[in-house]
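Beneath this line is the structure, given in structure tokens, with notes to follow.
Taken together, the values in this text are just the output of simple stated rules run on the coordinates, not laboratory data. Owing to the predicted nature of the structure, the values given are computational and were not obtained by experimental measurement. Cβ sites come from the backbone with ideal geometry, for glycine too, and all protein chains shown count toward neighbours.
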Amino acid sequence: MALQLLMSLLLPGLCSAAISCYGDHGQPVDWFIVYKLPKLDHTPGAGTKYMYQDSNSGGWVQGASFMNDTECAVGRTLSQLYQSSASKNAAYVLYNDQPPKVVCNAIRGHTKGVVLLDREQGFWLIHSTPHFPPSSSQKYDWPSNAYHNGQSFICVTYPYAQFRDIGTQLMYNTITPYDSSIPDPFCSDFPDLKSAAMKKQVTKPPWNRQITLTSSGGKQFTSFAKHARFGDDLYSGWVSLVLKSDLCVQFWLNSRGILPSNCSLSYHTYDVQDISFGSAIGYSSHLDHSKWCVTWADSPGWACIGDMNRDNEEMQRGGGTLCTSDPMIWKSFKILVSNYSKCN
């Protein structure tokens, strides 16, 4: 018994604890957001430093570890995958349009994430990092390609039943799964999750789906998922209209066919140009591969973290974003925008 207790403390999620997002200090959390900073200098840890927040942090705080360390929030959370991958009591799907050791899959959705659950609850981690994470047969590691640019992560712990809707969202997103295991009875409970893991997709309209997901702690998130046949920009063509606000969108500015800021609609959509975490940390969005947006209106303020850019190609690809109207999260993202491009 003493050994089991010690192991549960050292390896969260391995023993009796339900699968959950894990925070920066080893505790289960309802949700967290991680913002991996670009490599801005040559100091120790440069390229793996990050900012962190959860419901207890009061906004952004310096990450307690480094992204390539299993002690960071993302590492702690994904460690459950590598410890439980052989278990018939857990189900998981790893997906990435740029899977590990594969250059790119430009045909399917521009989506990146991990779903892991047991018979009680689990997490959905949405992120922006190519070639990440390693397959379940390996161990946690940070890819060599991901040191230079900024990256975003949002992890939410959900009760078991919510993975029915999450599976449907992944069908709309047209994910590229590269590792999955969905044993019985997960298959019968979540047929769309199984279908998404088999590269199936929705086959009839509507070509987009918006749902409210409620975390294990009772916090509400709005998930937007679009299919390629939606045929429009996720942000200006949908999210801004639903949230009834101008948006500032942070995305990868170095890809081809970038969509300029759009002021032709009822609500304007602006491309973020520069980001600042205060006087000590500031940089161009050209160094940032993260995907998020924030409403300019503060009543209520919304912030969204996802996996899509604003460019011509991704108007014709699946993908999505996860939004919340939490005032603390909204403020923490709004203050990051130090410059955005105006409309012509």
Within the stretch 244-271, find all residues whose amide N lies under 20 Å from a label point positioned 7 Å from the Cα of Asp232 along Cα-to-beta-carbon.
-> 244-250, 258-271
In the stretch 89-167, which trypsin sites (Lys or Arg not before Pro) fall in coil by DSSP and have 12 or fewer other Cβ atoms within 10 Å?
-> Lys101
Counting Lys +1, Arg +1, Asp -1, Glu -1, what net charge surrounds Val239 among other residues with beta carbon under 15 Å of its beta carbon?
-> -1
Translational diffusion of the chain, µm² s⁻¹ [Kirkwood Rh, Cα pairs; Stokes-Einstein; 10 °C; 1.306 mPa s] | 80 µm²/s
Taking r as the C-beta separation of Cys187 and Gln316 and R0 as 35 Å, the FRET efficiency to the nearest 0.05 is 0.65
Run the dipole for the chain about the Cα centre, Lys and Arg Cβ at +1, Asp and Glu Cβ at -1, nothing else charged, and hand back the magnitude in debye, nearest 20.
-> 580 debye
Expected max-MSF residue from Val239, Val61, Val115 in the GNM of the chain (alpha carbon, under 10 Å) is Val61
Within-9-Å neighbourhood charge of Asp24 [Cβ basis; K, R +1; D, E -1] = -1
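Report relative contact order for the stretch 18-340 in percent, whole number only (criteria: Cα-Cα under 8 Å, sequence separation at least 6).
17 percent
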Along the dipole axis of the chain (charges at Cβ: +1 for Lys and Arg, -1 for Asp and Glu; origin at the Cα centre), the most positive-end residue among Tyr178, Asn68, Tyr270 is Tyr178
So, over other residues within a Cβ distance under 10 Å of Asp54, counting Lys, Arg +1 and Asp, Glu -1, the net charge is -2
Spin-label model distance (nm) - Ile258 vs Lys244, 7 Å beyond Cα toward Cβ = 3.2 nm
Using a basic spin-label model with each label point 7 Å from the Cα along Cα→Cβ, how many nm lie between Ala106 and Lys331?
-> 4.3 nm
